Amino acid sequence: MFGIHQNIHDFTYDVQLCNLEGVEDFDLVAILGNLMDNALTAAQESREKWMELATALRNGYQVVVVENSCDLPPVVGEDGLRSTKAGGDGHGFGLKSVAQALKKYEGDFQWDYDGEKRRFTVTVMIGQKAGAGDVELVTGL
């Protein structure tokens, strides 16, 4: 799927009702690809080495939650989270790409780090605009 290496001991997912049909493919890849890549990198560098992906529909928003084990707290700069990936150059644009893509769909994201549990969580909320138009929300599977 996302090239999850043998270094990840546990990858779980809980995909619930969530209509991302109104999100352009390019934007969906920017959002999910960057979040999953960041989670994979942090999880591989942690002791527990796990990742979780969940989707849901909450309060009219399409919600995607990516969580991962993370031993070190994130580095926060003036512009938000900063990349800690080796090489520096060419890194640090992932969350900016996520934010840019989400603006098109009246969406946003927030993150949280729980140092005690060594857990990093990113919650993405994609607004009504993503499901707008002739696309109807799926009401059951």
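Values quoted throughout were computed directly from the atomic coordinates according to the rules given, and no laboratory measurement underlies them. Since this is a predicted model, take the numbers as computed values, not measurements. Backbone-built Cβ (ideal geometry, glycine too); neighbour counts: all protein chains shown.
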Simple label model, 7 Å out from Cα along Cβ direction - Asn7 to Glu116, nm: 2.9 nm
What FRET efficiency comes out for Asp71 versus Leu17 if R0 is 41 angstrom and r is the Cβ-Cβ distance? Round to the nearest 0.05. 0.75
Summed residue charge, Cβ within 12 Å of Met36's Cβ, Lys/Arg positive, Asp/Glu negative: -3
